[in-house]
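Taking it in order: structure first as structure tokens, then the write-up.
Please treat every number below as a calculation from the coordinates, not as lab data. This structure is a prediction, so every number in the text was calculated from the model and none was measured. Reconstructed Cβ throughout: ideal geometry from the backbone, glycine too, with neighbour counts over all protein chains shown.
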Amino acid sequence: SAGAPLPVLGLDVEVPLADGGRAPYAALDYAASTPALRRVWDDVAAYLPLYSSVHRGAGHLSRLSTDLYEQSRRTVAGFLDLPPDHRVVFTRGTTDSLNLLAAALPEGTRVFSFASEHHASLLPWRRPGLRPVCLPVPRSPHEAVALLEEALAAAPAGPSLLCVTGASNVTGELWPVADLAAAARRHGARVVLDAAQLAPHRRVSVRELGVDWVALSGHKLHAPFGAGVLAGRTDWLDAAAPYLAGGGAGRTVEHREDGTLAVEWHRGPARHEAGSPNVVGAHALASACRALTEAGRDALAAREEELLARLRSGLAEAPGVRVLGLFGERHPRVGVLSFTVDGWESARFAEALSDGYGIGVRAGLFCAHPLVRALLGGTAARPAPCGASGSPLPGERSLDAVRVSFGAGTPEEHIERFLSAV
Ligand code: PMP
């Protein structure tokens with residue numbers, strides 16, 4: 001037995017089946033969004049009656065909210081093992097965090113990313129003033145480092161950044177982040193880690209990995225939607241124009257006689273967090289960080305690996321199921337796995353799991369179109385909008401996949417039900 005899951009919400013939600021029956025919902029789409037931890041619910045429920053504006057009010061509850069918000073930053077800093085001079089900026093999520101960083105990069109920065117990235121890590125760098133460089137999809141961790149080294153060696157002098165995922169949202173495979181960061185450093189490049197999929201499953205230490213920034217999302221970390229983090233170095237962020245301009249970002253604002261405004265912007269997180277912040281979201285995210293840490297990241301990862309081993313051996317026995325991966329069967333992965341099923345359109349297969357068994361998975365291209373196409377061996381796939389299934393026409397090979405993903409709150413029964421349904 002894999003030990004007890006962490007208590008999460010939603011385990012008692014019943015969903016309708018196609019035969020008129022009902023089944024408890026099995027959430028096996030953690031890579032999209034994780035169910036909230038019961039502990040997060042408790043912390044949020046205790047805070048909701050007390051919430052008030054932060055930073056501006058002098059009243060007791062405003063001070064309490066301000067303390068809680070700043071404490072949430074410190075909790076996240078501890079969770080990510082940040083060096084003392086690094087800072088935590090609260091955002092809306094990973095996509096927002098990476099767009100913030102893109103907006104703050106020095107003019108002319110070359111941004112390297114592998115084509116296998118989630119679109120959130122691939123697309124924000126396509127903006128005036130930046131030079132995005134898309135590296136090929138590597139077939140081994142060693143090749144990933146070699147491709148980066150080669151590209152950095154060929155690049156002209158100037159600021160450069162690597163954006164890399166910690167764990168793939170399609171295959172769950174772990175990326176050689178520390179090795180890539182070391183290669184980047186050898187060439188004077190900085191690194192931002194997309195930890196949206198890594199942080200829910202493994203401890204993330206900015207110090208040990210040697211990265212400069214980390215981006216993550218609360219809703220993939222057992223907290224609700226709308227809160228995320230960009231954590232890391234401050235120099236480029238403090239030198240950049242505010243990501244959002246408005247109340248809280250300006251230290252002083254003066255109306256000059258010539259009709260212009262003289263603005264002195266804050267340094268630090270406030271510079272990029274104008275407007276009333278999402279204190280409830282930050283508090284929830286920090287609560288999830290504390291709960292995961294207290295449960296023991298290694299123990300959670302060990303339990304997850306047991307469930308993953310069961311899942312893999314079960315799928316290996318299922319005829320026609322092909323599990324997707326870049327780095328070989330033995331390469332470590334988190335609880336995220338995509339596969340195709342001979343004779344099935346992925347979207348229909350996912351629907352059948354839902355309608356017949358109350359199981360929620362996802363089918364499609366997972367906002368990582370180039371990666372899924374590379375995994376399926378096709379370069380001529382029809383374009384499909386992000387999130388659409390791109391189902392094969394008669395005679396066409398499958399262009400998309402089914403993804404099953406799970407984590408700290410998943411009961412063994414969900415995995416067993418999924419395998420018998422498959
Ligand atoms: N990066 C990765 C690896 C992801 O899996 C996701 C979400 N699927 C994102 C970034 C974007 O996260 P969000 O939608 O919370 O901004």
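Which loop-located GluC sites (Glu not before Pro) does the stretch 228-291 contain, where loop means any DSSP state but H, G, I, E or B and the Cβ has at most 11 other Cβ atoms within 10 Å? Of the GluC sites (Glu not before Pro), the ones in loops of the stretch 228-291 whose Cβ has at most 11 other Cβ atoms within 10 Å are GLU257. For the stretch 151-306, DSSP calls about 60 percent of its internal beta bridges antiparallel.
Loop-located trypsin sites (Lys or Arg not before Pro) in the stretch 251-327 (DSSP state other than H, G, I, E, B) with a sparse environment of at most 16 neighbouring Cβ atoms within 10 Å: ARG256, ARG267.
Under a model in which nothing but the beta-carbon of Lys, Arg (+1) and Asp, Glu (-1) is charged, the chain shows a dipole of about 580 debye around its Cα centre. The angle between the Cα long axis of helix 141-154 and the longest principal axis of the Cα atoms of the chain comes to about 40 degrees, rounded to the nearest 10. In the elastic network of the chain, a GNM with C-alpha springs shorter than 10 Å, the most mobile of ALA45, ALA401, ALA231 is ALA45.
Taking trypsin sites (Lys or Arg not before Pro) across the stretch 81-158, the ones in a DSSP loop with at most 16 further Cβ atoms lying within 10 angstrom of their Cβ are ARG126, ARG139. Give the angle, between 0 and 90 degrees and rounded to the nearest 10, that separates the Cα long axis of helix 38-47 from the longest principal axis of the Cα atoms of the chain. The angle comes out at about 30 degrees. The average projected area of the stretch 155-298, computed from the convex hull of its Cα atoms over all directions, is 11.6 nm².
Taking the charge dipole of the chain about its Cα centre, with +1 at Lys and Arg Cβ atoms and -1 at Asp and Glu Cβ atoms, the residue from THR91, ILE359, VAL40 reaching farthest to the positive side is THR91.
Per-residue ellipticity at 222 nm computed for the chain from its helices equals -10500 deg cm²/dmol, with DSSP H segments shorter than 4 residues left out and the rest contributing -39,500 (n - 2.57). Of the beta bridges in the chain, as assigned by DSSP with both residues counted there, near 60 percent are antiparallel. For the chain, the square roots of the Cα gyration tensor eigenvalues, ordered a ≥ b ≥ c, give a/c of at least 1.5 with a/b no greater than b/c, which places it in the oblate category. Averaging the sequence gap over all C-alpha pairs within less than 8 Å and six or more residues apart, then dividing by the number of residues, gives the stretch 41-294 a relative contact order of 25 percent.
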